[in-house]
Amino acid sequence: MAKVAVVTGASKGLGFAIVKGLCEKLEGTVYLTARDENRSLAAVKRLNDLGLKPAYHRLDVTDEESVKEFAHYIKTNHGGFDVLVNNAAILEWDKVYPDYEAAKRNVETNYKSVLKIEKHLYPLLRDCARVVNISSSCGHLSNLRKKEWIEALMKPDLETEDINKFVNEYLESVKNGTFNEADFADEGKHAEHRVSKIALTALTMVQQRKYRGRHISINAVHPGLMHTDMAKGMGDQDPDEAAKLVLYLITEASPNLKGVFLWHNKKIVDWYDPEGDYYCKGLW
């Protein structure tokens with residue numbers, strides 16, 4: 001049976017590279033989705049020029065109506081789908097310690113958008129589907145220093161509401177001026193990004209428990225530092241190279257690999273290790 005795959009935030013960078021790899025490896029339909037239609041259509045043309053034929057649908061992951069519209073489209077045209085890569089994300093570089101609006105914007109895009117996607121698109125995932133959440137080194141629990149947050153997120157019965165409480169407490173601290181750099185590793189630089197990616201990784205574990213009865217594999221990855229628009233030249237890895245990790249999880253990995261945090265070298269990292277040396281450091 002032909003597969004249906006969806007990649008969010010796919011008009012450039014890692015998302016584009018993942019779509020390219022899926023078009024080459026997957027028999028079926030691969031959806032390149034993103035908010036900017038002009039840039040997305042240009043990306044589709046680039047892939048067409050390589051002999052690849054992705055499908056395109058506009059998707060603004062922060063807009064619930066846009067997510068609902070896309071879910072209706074998938075249900076109407078395919079009945080369901082088999083692969084989802086939650087890649088859409090932002091990182092604003094202008095302020096290492098952002099104001100409330102910037103912090104909220106980052107959290108809305110990188111974490112809360114996936115809650116909208118879970119609500120409307122996850123019911124359409126077919127049995128044995130594979131989901132990959134694109135996290136980063138900022139998404140490891142060792143980015144936190146506040147004991148209460150660490151203990152809450154390490155609970156074996158963690159629920160989405162617990163993650164939301166953590167996220168909202170951070171946002172409230174920025175809003176009311178009580179933000180404490182000591183609550184985070186690396187002096188709390190770009191804490192908004194750390195919070196959003198920690199929340200996404202934690203959500204991965206919660207989602208895997210929810211959907212284990214349907215044999216759906218849901219994993220989070222740190223694809224490594226790349227030279228992309230978002231990474232601003234921080235890393236030297238090509239997006240095509242980084243995409244191989246995601247493609248491995250989708251097309252090669254055992255279906256028993258579930259609810260893990262996979263590092264860029266394919267090593268399974270213990271996410272529940274607040275003392276680990278995995279936190280994002282010295283990049284800003």
Quiz prompt | the chain - Rg and Dmax from Cα coordinates, angstrom | solution = 17.8, 54
Quiz item: Taking Cα atoms, how many degrees apart are the long axis of helix 191-211 and the longest axis of the chain, rounded to 10 and kept between 0 and 90?
Solution: 60 degrees
Practice problem: Please work out how much length the chain gains when fully extended from TYR100 to ASP63, using 0.36 nm per residue of separation minus the C-alpha to C-alpha distance, in nm with one decimal. | Solution: 11.4 nm
Quiz item: What Cys residues in the chain are without a partner cysteine, judged by a Cβ distance under 4.7 Å?
Solution: CYS23, CYS128
Quiz item: What residues qualify as long-range amide H neighbours of THR8, i.e. H under 5 Å apart, gap of 5 or more or another chain, H built at 1.01 Å from N?
Solution: VAL85, ASN87, ALA88
Self-check item: Cross-link reach list, aspartates and glutamates versus LYS68, counting only Cα pairs under 14 Å and skipping chain neighbours closer than eight places
Solution: ASP60, GLU118
Practice problem: Could you compute the FRET efficiency for ASP157 and ALA42, with r as their C-beta to C-beta distance and R0 at 35 Å, rounded to 0.05? | Solution: 0.15
Exercise. Count the DSSP beta bridges whose two residues both fall in the chain, then state the antiparallel fraction as a percent rounded to the nearest 5.
Key: 10 percent
Quiz item: Counting only residues 5 or more places away or on other chains, whose amide H sits under 5 Å from the amide H of VAL30 once H atoms are built in the peptide plane?
Solution: ALA5, ALA55
Exercise. Can you check what the Kirkwood hydrodynamic radius comes to for region 77-119, Cα pairs only, in Å to one decimal?
Key: 12.3 Å
Quiz prompt | Which listed pairs, of LYS45/LYS267; LYS95/LYS146; LYS189/LYS266; LYS20/LYS75; LYS20/LYS267, have C-alpha distances above 32 Å, in listed order | solution = LYS45/LYS267
Quiz item: Rounded, prolate or oblate: which one fits region 134-284, using the alpha carbon gyration tensor with axes a ≥ b ≥ c (rounded when a/c is under 1.5, else prolate when a/b beats b/c, else oblate)?
Solution: oblate
Self-check item: More than 11 angstrom apart: percent of Cα pairs within region 148-192
Solution: 69 percent
Quiz item: In percent, how large is the relative contact order of the chain, given Cα pairs closer than 8 Å and 6 or more residues apart?
Solution: 20 percent
Practice problem: Let me have the relative contact order for region 84-157, percent, based on Cα pairs under 8 Å that are six or more residues apart. | Solution: 42 percent
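Throughout, read-outs are computed from the coordinates displayed, never taken from laboratory work. All values derive from a computational prediction rather than experimental measurement. Quick reminder, even Gly has a Cβ in these numbers, built from the backbone with ideal geometry, and neighbours come from all protein chains shown.
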